[in-house]
Amino acid sequence: MAQSGGNETHNIVIVGGSFGALAVAHTLLKDVLPKLSSSKSCKVFMISPNSQFFWRPAAPRIIVNPAALSEDKAFFDIAESFEKYDKSHFEHIRGYATSVDPSSQTILYSPDSMTASLPIHYGSLVLASGTLFKDPLWSLQSGEEPTKRALKNTHDQVSAAHSIAIIGGGPLGCETAGELGYLHGRSKEINLFSGAKQLLHRLQDQRLGQDAEGRLSNLGVKVVHKVRCEDTERTADGKTRVKLSDGTEEVVDVVIEATGETPSNKFIPKEWLTGDGLVRTVIATLRADVPNLDNVYAIGSISSALKGGILGIVFSYKALCESIQNDLTGQGRLPSY
């Protein structure tokens, strides 16, 4: 069980093990904790199921052409990245957050090797749990090993395939289609089903989606709009039947699903969430925007204040860390920009 470090130790618990979580943890350890009074003892805990960080933007290239970007360039050990800090100030807990009790400021987590949940008291809580996907290709929701297996298996299947269907016209789907088109656009049948009126439909500038479609078409990728994948099933000869929302079907060798992104929020109290399942967050401070709730923060794609993505984290993690510093010191002012 992770110890609170004694009654005088202020635990900063971060839930997540990806971009936002690591950016906040490093900044706290490097820039915030050293500035605190010597009488203020703090320790940073990070809870995540993965022991390695995964550079998710690399996934499409690893799937298609690992010779251009090997797996070892996309994964690195989390513990090693924190070795330069005092061990008494940081601990990575490999496990799953299961619930939060704000009344006692306790979070429960379940380690990999145990089914029972263990408690850890928090003085500050950072929610950086991100999102989950249908396919382990895109996130480490069950640790890094399923993702590594999925990357290799998909690469092997793509190499042997004659026909490929990509489901989803967001950034992951477009990037994967681009990588496939660059190497195989003239030798394999590649279809991208956007599930919307155009590619990248969530972006305000619709010209970006139109530009992406033009580039993909030039690479030999066929883009299909306004139909969604309703279901897939394996056929007797090892292919996959894709059932579409317009009642038609496509039978292909490989299906790559780049959809199904949902907030990783099962452990978060429902009253903290928006209707979309995101943590209600003040955009200026990254504090949770919940009545009578103090010292809780959210960053990344779990936060309602951000659009998600790496850039959103880059522009917000320092503000979050300054909010924690202000709350710890009692300054209570807005972060500078």
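Key figures for this structure:
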{"quantity": "Of all residues making up the stretch 222-260, the number that are crowded, with 18+ Cβ neighbours inside 10 Å, under 27 Å from the mean Cα position of the chain (by Cα) and more than 21 Å from ASP156 (Cβ to Cβ)", "calculated": "3"}
{"quantity": "Hits in the stretch 141-177 (condition: touching a helix residue (DSSP H, G or I) at 6+ places or on another chain (Cβ under 6 Å) and either assigned to a loop (DSSP other than H, G, I, E, B) or small (Gly, Ala, Ser) (or both))", "calculated": "ALA177"}
{"quantity": "Check on GLU145, of a type outside the set (Lys, Arg), modelled with pLDDT of 90 or more and farther than 30 Å from ASP231 by Cα", "calculated": "no"}
{"quantity": "Which numbered condition GLY185 fails, given (1) surrounded by fewer than 17 Cβ atoms within 10 Å (Cβ to Cβ); (2) more than 25 Å from ASP276 (Cα to Cα); (3) in contact with a Leu (Cβ under 8 Å, 6 or more places away or on another chain)", "calculated": "(1)"}
{"quantity": "Single condition ALA58 does not satisfy, out of (1) part of a helix (DSSP H, G or I); (2) in contact (Cβ under 8 Å) with a residue 24 or more places away in the chain", "calculated": "(2)"}
{"quantity": "Which listed residue, of LEU192, LEU118, LEU200, is over 21 Å from the mean Cα position of the chain (by Cα) and without any contact (Cβ under 8 Å) to a residue 40 or more places away in the chain", "calculated": "LEU192"}
{"quantity": "Any hit, the stretch 40-59, residues being surrounded by 21 or more Cβ atoms within 10 Å (Cβ to Cβ) and hydroxyl-bearing (Ser, Thr, Tyr)", "calculated": "yes"}
{"quantity": "Candidate set from the stretch 60-77 (those that are surrounded by fewer than 20 Cβ atoms within 10 Å (Cβ to Cβ) and in contact with a helix residue (DSSP H, G or I) (Cβ under 9 Å, 6 or more places away or on another chain)); member that is farthest from PRO34 (Cα to Cα)", "calculated": "ASN65"}
{"quantity": "Complete set of residues in the stretch 66-102 that are more than 17 Å from the chain's Cα centre (by Cα) and among the hydrophobic types (A, V, I, L, M, F, W, C)", "calculated": "ALA67, ALA68, LEU69, ALA79, PHE82, PHE90, ILE93, VAL100"}
{"quantity": "Odd one out for ASP112, checked against (1) closer than 24 Å to ARG202 by Cβ; (2) within 20 Å of the chain's Cα centre (by Cα); (3) not small (Gly, Ala, Ser)", "calculated": "(1)"}
{"quantity": "Conditions (1) in a strand (DSSP E or B); (2) closer than 30 Å to LYS152 by Cβ: number failed by LYS266", "calculated": "(1)"}
{"quantity": "Test: residue in the stretch 21-29 that is in a loop (DSSP other than H, G, I, E, B) and assigned by TED's automatic domain parsing to the domain that holds ASP294", "calculated": "no"}
{"quantity": "Test: ALA288 is modelled with pLDDT of 95 or more, under 25 Å from the mean Cα position of the chain (by Cα) and among the small types (Gly, Ala, Ser)", "calculated": "yes"}
{"quantity": "Condition met for PRO136 (under 16 Å from the mean Cα position of the chain (by Cα), free of Cβ contacts under 8 Å to residues at least 24 places away in the same chain and under 30 Å from SER245 (Cα atoms))", "calculated": "yes"}
{"quantity": "Boolean, ILE268 is under 30 Å from ALA288 (Cα atoms) and surrounded by 12 or more Cβ atoms within 10 Å (Cβ to Cβ)", "calculated": "yes"}
{"quantity": "Counted residues, the stretch 155-178 - those being buried (at least 21 other Cβ atoms within 10 Å of the Cβ) and under 21 Å from the mean Cα position of the chain (by Cα)", "calculated": "9"}
{"quantity": "Hits in the stretch 63-98 - residues which are hydrophobic (A, V, I, L, M, F, W, C), touching a residue at least 24 places away in the same chain (Cβ under 8 Å), out of contact with any Asp or Glu (no Cβ under 6 Å at 6 or more places or on another chain) and not in a strand (DSSP E or B)", "calculated": "ILE63, ILE78, ALA79, PHE82"}
{"quantity": "The stretch 275-305, subset touching a Gly at 6+ places or on another chain (Cβ under 7 Å) and under 19 Å from PHE133 (Cα atoms), residue surrounded by the fewest Cβ atoms within 10 Å (Cβ to Cβ)", "calculated": "SER301"}
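Results for (1) outside any loop (DSSP other than H, G, I, E, B); (2) touching a residue at least 12 places away in the same chain (Cβ under 8 Å); (3) polar (S, T, N, Q), shown as yes or no for each residue.
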position: ALA236; (1), (2), (3): no, no, no
position: ASP246; (1), (2), (3): no, yes, no
position: ALA284; (1), (2), (3): no, yes, no
position: LEU311; (1), (2), (3): yes, no, no
position: LYS318; (1), (2), (3): yes, yes, no
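The values are calculated or read from the model by the stated rules, or taken from the named source; none is laboratory data. Predicted model, so just to flag it, every value in this text is computed and none were measured. Ideal geometry is used to build each Cβ from the backbone, glycine not excepted, and the neighbour counts take in all protein chains shown.
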